[in-house]
1. Considering only residues of segment 79-119 that are part of a helix (DSSP H, G or I) and among the small types (Gly, Ala, Ser), which is modelled with the lowest pLDDT?
2. Please list, ordered by first then second residue, the pairs with beta carbon atoms under 9 Å, 6 or more apart or interchain, first in segment 46-66 and at pLDDT below 90, second of a type in the set (Lys, Arg) and surrounded by 15 or more Cβ atoms within 10 Å (Cβ to Cβ).
Amino acid sequence: MTQPSLILELQALAQSSSTDLGELLRRSKVVATKLQLTDFSAWIESEMSGYTNDDEVPDYRKVGSYLAMVNPFHGLQPVGWANGGDLPKHFASIEMRESVGQIAHLMSQGDGQLQTQVTPNELEPLLQL
């Protein structure tokens, strides 16, 4: 009798636009565990904790991106590439490995766009591409 009420509760939470995604995932994990849905439970855990470098990242977590630089006079400017090669392809998309909570926090910090800073030291190995 508990399972149907948990599932109905989960469905109601999923349909509400005010539901916190972290809370929805935690409750989904309870249901997946009770129903012994190990693959679903593992997926929920990855969403809640983030994906490791060894994990396959689902396609919906691969998002378009671009490299930009801070111009002191004009602000953030996209980097123009003098020649093709692998470097522009490297920055054309990224895999979002962070937890759902971290992504939500990052999204709330700005204007709906995710940004990260890349140091020259981090760029150096990429210049070998």
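The values are calculated or read from the model by the stated rules, or taken from the named source; none is laboratory data. These figures come from a predicted structure and were not determined experimentally. Neighbour counts run over all protein chains shown; Cβ positions are idealised from the backbone, glycine included. Note: accessible area is taken over every heavy atom of the protein model, side chains too, but ligands, DNA and RNA are not part of it. Shrake-Rupley method; radii C 1.70, N 1.55, O 1.52, S 1.80 Å.
1. Initially, segment 79-119 is screened for residues part of a helix (DSSP H, G or I), giving 86-90, 100-109.
Subsequent filtering for residues that are among the small types (Gly, Ala, Ser) retains 101, 104, 108.
Details: GLY101: 89, ALA104: 83, SER108: 80.
Per the criteria, the residue is SER108.
2. Correct list of pairs: ASN53/ARG97.
To keep it simple, each residue is scored yes or no on (1) open to solvent by 50 Å² or more (accessible area, probe 1.4 Å); (2) not charged (D, E, K, R).
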| site | (1), (2) |
| --- | --- |
| GLU23 | yes, no |
| THR33 | yes, yes |
| ILE44 | no, yes |
| GLU56 | yes, no |
| TYR60 | yes, yes |
| ALA82 | yes, yes |
| LYS89 | yes, no |
| VAL100 | no, yes |
